[in-house]
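Worksheet: the structure to be examined is printed underneath.
What follows draws every value from the coordinates through simple rules; no lab data is involved. All of these numbers come straight from a predicted model, not from anything done at the bench. Heads up, the Cβs are rebuilt from the backbone with ideal geometry, glycines too, and the neighbour counts pull from every protein chain shown.
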Ligand code: UTP
């Protein structure tokens, strides 16, 4: 399989849909998440889930399926039309803002399904089964943002469309932090154009005990999967934290169908975690064309 990217994807391999699980309780971010979804927390001026939806659009996704739960209505409102707000802005002469508000509801087709109880990330993906149907799809965690011009999801879509095998994004983390992540045991299978960044997964472990991690390659929150994952999920029993874990279903998929790990190009922020959220806010604010220069000056002025 040399230079597999040269092949053009058959229609069965085209990745058109994405599932965004957003039904978790966000307990790491209490009290901010007591009455509002963590996916709606703003980083600079956009809610987390909008960054994720924009990554989908930039990756060629045509249909986003958001898995919501209790107390998550603000997510639906955010992607809906807001005619009275648009009218108000237009009447005040704020055409650009009216246009920006309109663009959010027009950017992509969005459907919703509900996870009645937060039984785990794997379970959240499984409830999207009917909306996905029998085709490959991406999964993007609603609280992980990966800014940059080269969307991680697009990098995974390229691997899937070229090989027909599912791919998950991984990144190197310090050894002493592996117990916080799903970690892969992978065998390098270098091939163009990915070179050493592409590994065939032998196994995966969710939150390995200290010293037991098979590598320092952690799962980042971006996946492109074949529809076979649904059968794997249906066979998956509750695991770590008594939740139905996507990682456990991926172990089955890796054994039965194969699965790639791609050390993607980019940096992720787990913005569902307070420190990750702060890092994302600072980095994205520094890159903001309106605020960046002033904010940089301010940070430099702090006597740290
Ligand atoms: P997290 O583990 O980060 O979310 O799941 P959480 O459970 O909300 O967070 P904490 O640990 O209590 O702070 C990653 C993503 O999967 C979704 C979450 O909404 C988040 O976007 N998720 C998780 C579900 O949709 N359903 C679940 O049962 C669990």
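The alpha-carbon atoms of the stretch 1-121, seen along their principal axes, cover 57, 40, 25 angstrom, with the largest extent given first. With Cα atoms as the point set, the stretch 87-198 shows a radius of gyration and Dmax of 19.4, 60 Å. When both the stretch 210-261 and the stretch 33-91 are represented by their alpha-carbon centers, they are found 28 Å apart.
Among 144, 110, 184, 57, rank each residue by its count of other Cβ atoms within 10 Å, from fewest to most, as a rough exposure measure.
57, 110, 144, 184
Principal-axis analysis of the Cα atoms of the chain puts helix 152-163 at an angle of about 30° to the longest axis.
Taking only Cα atoms, what is the 0 to 90° angle, nearest 10, from helix 274-287's long axis to the longest principal axis of the chain? Rounded to the nearest ten degrees, it is 60. Beta bridges per DSSP, both residues in the chain: antiparallel share near 60 percent.
Sorting 181, 264, 112 from the fewest to the most surrounding beta carbons within 10 angstrom yields 112, 181, 264. Counting beta carbons within 10 Å around each of 45, 303, 248 and listing the fewest first gives the order 303, 45, 248.
The C-alpha atoms of the chain define a longest principal axis, and helix 95-106 lies at about 30 degrees to it. Think of it as helices only: each DSSP H run of n ≥ 4 in the chain is worth -39500 (n - 2.57), and spread over all residues that comes to -9500 deg cm²/dmol at 222 nm.
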